[in-house]
Amino acid sequence: MEENVDLEKYRGWLERQGLQRTPFTLEIIPSLRVGYKHQVTNLLKNIEQQQKIVLLIGPTGSGKTTLINHICANNRKCIFIGKPPRRTEELIKIADYVLSDASFLTRLFAKKPTEIHQLPEFLNNNIKRHKVLFIDEAHEASIEVLEWLRVISDQTQNLTIIFSALPVFDEILTKNLETLKKRVTEKIELSALSREETEELIRRRIEFAGGKDLGPFTPESVDYIYQRTGGFPRDVLILCNTLFNLAAEKNVEKIDRGTIESSTIPHNKNYSPEKLKGLPEKQKVIIDLLLANEKLTPGEIAKNTKDYPSEKHALRAINNLLKRMFKEGYLERKKEGKTYIYVLSPQTRTRMVKA
């Protein structure tokens, strides 16, 4: 019964704000994309030129998938694969994507490949007009799958492959697939939104949900959101939703400094961005690892560090460094089982990405 009362209270607050729905879900809505004008133009230029392989690189939450969906919306030349296949044999499914917009008779009589080496010939026979193959989360692909994608790119006409991945993907190619990296025409990097773009993202979400302008958010709360998230779109949406729910719970009409100060959102006053450049080398190594891998346990970080006499010594030293960096606001953490998972704080991630 109490749950129903809370739900009705929330619905009433939404109605007073003129909103028909919650604005800040993580639903990908291509029409609400903001920012990255230069990167979008560059990506479209490479597609127009029918380049063979392009990289779209950015940290988690920087808006890679939203950008891809924006480009692919109502564009029949695009093929979007949300996750790379785990096995090379699964790449044969690309044939189904190519045939998806073909005529009924073509789909009926097309001789689809049964083995991976038959795929390039099939693609050449069936791709009559330029196609763009987007592969999201490419950093999760096996070396074998990536090598076959290189082969497919080499042997197929009228096909552009765009890999969307975390920054670590560039390092993966350097270490394991130099032949694929040499075929990359351009690397397009996403970092984060500006203060103005962050405000525009909030405004568009509010208006999409039926509200007006920034709705309950005041300019000072937008300043806080940008400072706290560094302008990473996903982080912006999550923080906006947290503040949104808090305002509804407290039944206040504006999200201002008082609302923020009454929240339990972690905000480290000891954080000093100026000290980032002067951090000791071992702390810089930790930041670089987290920038490349998104999140790691102390054990995973210890395995990727050197200059310690043993793994036990490394783990003890790394734990001490992580605790210090967490206390100073450079890192954030959450408990998973018996260990902590560490990530870069939004402020650190923004400054390192933009550096």
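Can you give the FRET efficiency to the nearest 0.05 for THR242 and LEU105, using r as the Cβ-Cβ distance and R₀ = 45 Å?
With a Förster radius of 45 Å, E is 0.25.
Report, to the nearest 10°, how far helix 143-155 tilts away from the longest principal axis of the Cα atoms in the chain, using its own Cα long axis and a range of 0 to 90°.
The angle comes out at about 50 degrees.
Of all beta bridges DSSP finds with both residues in the chain, what is the antiparallel percent, to the nearest 5?
Expressed as a percentage, antiparallel bridges in the chain total about 30.
What nm distance separates the two modelled labels at ASN124 and LYS45, each placed 7 Å from Cα along Cα→Cβ?
About 3.1 nm separates the two model spin labels.
Defining a contact as two alpha carbons under 8 Å apart and six or more residues distant in sequence, what relative contact order in percent does the stretch 36-189 show?
With pairs under 8 Å counted, the relative contact order is 39 percent.
Normalised by the residues of the stretch 273-354, what does the relative contact order come to in percent, with Cα pairs under 8 Å and at least six apart?
That works out to 34 percent.
So for the stretch 193-261, Kirkwood radius off the Cα pairs, Stokes-Einstein at 25 °C and 0.890 mPa s: how many µm² s⁻¹?
D, rounded to a whole number, is 208 µm²/s.
Ignoring everything except DSSP H segments at least 4 long, calculate the 222 nm mean residue ellipticity for the chain; use -39,500 (n - 2.57) per segment, divide by total residues, nearest 500.
-14500 deg cm²/dmol
Based on the Cβ-Cβ distance from SER263 to ALA73, what FRET efficiency comes out when R0 is 45 Å, to the nearest 0.05?
Efficiency for this residue pair is about 0.80.
Under a plain spin-label model, where a point goes 7 Å from the Cα along Cα-to-Cβ, how far apart in nm are THR60 and GLU311?
2.4
Using 0.36 nm per residue of separation minus the Cα-Cα distance, give me the extension gain between ASN304 and GLU207 in nm, one decimal.
30.3 nm
Would you order THR60, THR350 from fewest to most other beta-carbon atoms within 10 Å of each residue's own beta-carbon?
In increasing order of surrounding Cβ atoms, one gets THR60, THR350.
Against the longest principal axis of the chain, how steep is helix 233-250, in degrees 0 to 90 to the nearest 10, with axes from Cα atoms?
40
So, in nm, how far is label LEU7 from label ARG86 when the simple model puts each one 7 Å beyond its Cα toward the Cβ?
The modelled label-to-label distance comes out at 3.7 nm.
Have a look at ILE68, ILE238, ILE202 and tell me which one the Gaussian network model of the chain (Cα, springs below 10 Å) gives the largest fluctuation.
Result: ILE238 has the largest fluctuation of those listed.
Count charges around ASN126 for me, please; just the other residues with Cβ under 13 Å from its Cβ, Lys/Arg as +1, Asp/Glu as -1.
Local charge sum for ASN126: +3.
Measuring from centroid to centroid over Cα atoms, what is the spacing of the stretch 1-72 and the stretch 318-352 in Å?
Using only Cα atoms to place each centre, the spacing works out to 27 Å.
Which angle from 0 to 90°, rounded to the nearest 10, does the C-alpha axis of helix 281-293 make with the longest principal axis of the chain?
Helix 281-293 sits roughly 60 degrees off the main axis of the chain.
Over all distinct alpha-carbon pairs, what is the Kirkwood Rh of the stretch 273-354 in angstrom?
Kirkwood hydrodynamic radius for the stretch 273-354: 12.8 Å.
Quote the FRET efficiency, to the nearest 0.05, computed for GLN155 versus LEU26 with a Förster distance R0 of 35 Å and r equal to the Cβ-Cβ distance.
0.35
Could you identify which residue out of THR22, THR156, THR339 has the top mean-square fluctuation in a GNM of the chain using Cα springs shorter than 10 Å?
Looking only at THR22, THR156, THR339, the largest GNM fluctuation is found for THR339.
Enter the per residue convex hull volume of the stretch 35-180, computed from alpha-carbon coordinates, in Å³ rounded to the nearest integer.
Per residue, the Cα convex hull of the stretch 35-180 comes to 106 Å³.
Can you tell me the length gained on complete extension of the stretch LYS175 to LYS335, counting 0.36 nm per residue apart and subtracting the Cα distance?
So the extension gain works out to 54.4 nm.
Read-outs throughout are calculated quantities, based only on the coordinates presented, and are distinct from any laboratory measurement. Quantities reported herein were computed from a predicted structural model and do not represent experimental measurements. Every residue, glycine among them, receives a Cβ derived from its backbone with ideal geometry; neighbour counts consider all protein chains shown.
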